[in-house]
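Below: the structure, in structure tokens.
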């Protein structure tokens, strides 16, 4: 299991239930990485998608405490055990945790790798990803060269869990 996240300089990921940035190159990379695979996300993250619909060409596992919630094109899971059971039904698929902040915190211990898009700007944020640079259990193993889109400078980084 891996995670994918876009963060600002303070590891902010969202504000008022929306993304801080929409970078076309990053969204394209995200689509290429996750297509055909499993994505784990919260209900609020789903609401940020076009039309509030699950991502096409993926197995969407949406985590919600609402027992009556039904989402066409997604499997609704109500707790960690249900998510892991759903993942186990697809051993041939790679699993990506894609947000929001509470879902990242819950599943980060299960992740082996985190793909970070690091945006070199700080925005007003009210949700954050854990700062992997300050966590001894994580090590940045790859930092790609800076890119720029519409005045936003960013790069891709890969963090891996350090064997204890």
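Would you mind stating whether residue 154 is more than 17 Å from residue 24 (Cβ to Cβ) and in contact with a strand residue (DSSP E or B) (Cβ under 6 Å, 6 or more places away or on another chain)?
On the way: more than 17 Å from residue 24 (Cβ to Cβ): no; in contact with a strand residue (DSSP E or B) (Cβ under 6 Å, 6 or more places away or on another chain): yes.
In short, no.
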query: Before we move on, is residue 98 assigned to a strand (DSSP E or B) and either at negative phi or at pLDDT 95 or above (or both)?
result: yes
query: Residue check: is residue 133 assigned to a helix (DSSP H, G or I), more than 14 Å from residue 4 (Cα to Cα) and out of contact with any strand residue (DSSP E or B) (no Cβ under 6 Å at 6 or more places or on another chain)?
result: yes
task: Name, by its number, the condition in (1) touching a residue at least 12 places away in the same chain (Cβ under 8 Å); (2) closer than 23 Å to residue 152 by Cα; (3) within 13 Å of the chain's Cα centre (by Cα) that does not hold for residue 16.
output: (3)
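Here's the yes/no breakdown for (1) touching a helix residue (DSSP H, G or I) at 6+ places or on another chain (Cβ under 7 Å); (2) surrounded by fewer than 15 Cβ atoms within 10 Å (Cβ to Cβ):
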position	(1), (2)
77	yes, no
104	no, no
124	no, yes
143	no, yes
query: If residue 163 passes every condition in (1) modelled with pLDDT of 95 or more; (2) exposed (fewer than 13 other Cβ atoms within 10 Å of the Cβ) but one, which one does it miss?
result: (1)
message: Against the definition (loosely packed, with under 12 Cβ neighbours inside 10 Å, at pLDDT 95 or above and part of a loop (DSSP other than H, G, I, E, B)), how does residue 91 come out, yes or no?
response: yes
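The values are calculated or read from the model by the stated rules, or taken from the named source; none is laboratory data. Nothing here was measured: the structure is a model prediction, and the numbers come from that model. All Cβ positions, even for glycine, are placed from backbone atoms using ideal geometry, and neighbour counts span all protein chains on display.
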